[in-house]
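What follows is one structure encoded as structure tokens, with my remarks underneath.
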Amino acid sequence: MGINERKLRDKERRVAEILEAAKGLFLDKGYLHTTMLDIAERSELSRRTIYLYFRSKEEITFAVMVGSFGLLRDKLKEAVKKASTALGQLYRMKEAYFDFYRNHFDDFYSTLYFDLKLNTKNITTEDARTCFNIITEIVQLLSDVLQRGMEDKTLRPIEKVDRTAFTMATIIMSTMQKAAIRKELLEYATDFSEEEIISEMFDLLFLSVKH
């Protein structure tokens, strides 16, 4: 292994350590209460080293979200391959969303900060733009499934597929995020869990497009 290759691997390892530390802290303490010092201490690096790779906590946040949204996108892509009809693909996507929620909750939790942090000033930064592009891919994946459903007759005719896909994707993430945040309140005030709310939301969405 050459010197340059070793340096690149060391950089990638340290960046991964920083992002993993930040992701865990955002879940444990919340974004607002997490500091660069916290991230440095958990990743067992100095603050000076952290600043070699990231100029701010906001940059770290977007880098974390790139990984989290990328993981969700990849799971959804794999899910679509597991069914032969569009309606079946929608239910496979539901399973993928649940897998992301249950088994990668730190990644799921990181997606909460996208709406909080994204604005017209930082959308041009590389990681912010990458996040936006990944979300666009997810919406397009859903749009393709809806289009396929009209062709295989498992879904009803939809006048504006892209708009419907965007609306569905927004409702899915918003409901999942709200249910996660309000989990304890739901358990206290109702007889159903946050997962039951999420499942009901998917069923209602699919019923709205089912043929």
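The values are calculated or read from the model by the stated rules, or taken from the named source; none is laboratory data. Every value quoted in this text rests on a predicted model; they were computed, and no experiment measured them. Every residue, glycine as well, gets a Cβ built from its backbone with ideal geometry; the counts of neighbours run over all protein chains shown.
The single residue among LYS153, LYS183, LYS160 that is at pLDDT below 95 and among the basic types (Lys, Arg) turns out to be LYS183. Only residues that are buried (at least 17 other Cβ atoms within 10 Å of the Cβ), of a type in the set (D, E, K, R) and closer than 27 Å to ASN133 by Cβ were counted across the range 36-58, and they come to 1.
Do we have ILE158 as in contact with a Leu (Cβ under 7 Å, 6 or more places away or on another chain), surrounded by fewer than 19 Cβ atoms within 10 Å (Cβ to Cβ), within 17 Å of TYR91 (Cα to Cα) and assigned by TED's automatic domain parsing to the domain that holds SER84 here? So that I can check it myself, show each step before the final result.
Details: in contact with a Leu (Cβ under 7 Å, 6 or more places away or on another chain): yes; surrounded by fewer than 19 Cβ atoms within 10 Å (Cβ to Cβ): yes; within 17 Å of TYR91 (Cα to Cα): no; assigned by TED's automatic domain parsing to the domain that holds SER84: yes.
Here the answer is no, as ILE158 does not meet what is asked.
Among the listed residues SER193, SER110, SER143, which satisfies the condition of being crowded, with 16+ Cβ neighbours inside 10 Å, in the same structural domain as GLN89 (by TED's automatic domain parsing), of a type in the set (S, T, N, Q) and modelled with pLDDT under 90?
Values: SER193 fails: crowded, with 16+ Cβ neighbours inside 10 Å; SER143 fails: modelled with pLDDT under 90.
None of the others qualify; the one that does is SER110.
For the range 83-92, the criterion of a residue being part of a helix (DSSP H, G or I), over 22 Å from the mean Cα position of the chain (by Cα) and among the hydrophobic types (A, V, I, L, M, F, W, C) is satisfied by at least one position. The set of residues in the range 25-35 that are surrounded by 16 or more Cβ atoms within 10 Å (Cβ to Cβ) and outside any helix (DSSP H, G or I) comprises TYR31, THR34. Being among the basic types (Lys, Arg) and either within 22 Å of GLU196 (Cβ to Cβ) or outside the structural domain of THR175 (by TED's automatic domain parsing) (or both) is the filter here; which residues of the range 79-96 pass it? Selection gives ARG92, LYS94.
State whether the residues of the range 175-184 include one that is surrounded by fewer than 12 Cβ atoms within 10 Å (Cβ to Cβ), more than 22 Å from LYS82 (Cα to Cα) and under 23 Å from the mean Cα position of the chain (by Cα).
Here is the first cut: in the range 175-184, the ones surrounded by fewer than 12 Cβ atoms within 10 Å (Cβ to Cβ) are 184.
Next, from what is left, pick out any that are more than 22 Å from LYS82 (Cα to Cα): 184.
Now restrict to residues that are under 23 Å from the mean Cα position of the chain (by Cα): 184.
Looking through the range 175-184, at least one residue is surrounded by fewer than 12 Cβ atoms within 10 Å (Cβ to Cβ), more than 22 Å from LYS82 (Cα to Cα) and under 23 Å from the mean Cα position of the chain (by Cα).
If you scan the range 38-75, which residues turn out to be of a type in the set (Asp, Glu) and in a helix (DSSP H, G or I)? Within the range 38-75, ASP38, GLU41, GLU58, GLU59, ASP74 qualify. Starting from residues that are touching a Leu at 6+ places or on another chain (Cβ under 7 Å) and without any contact (Cβ under 8 Å) to a residue 40 or more places away in the chain, keep the ones in the range 63-106 and report whichever is surrounded by the fewest Cβ atoms within 10 Å (Cβ to Cβ). Looking at residues that are touching a Leu at 6+ places or on another chain (Cβ under 7 Å) and without any contact (Cβ under 8 Å) to a residue 40 or more places away in the chain, I get HIS104.
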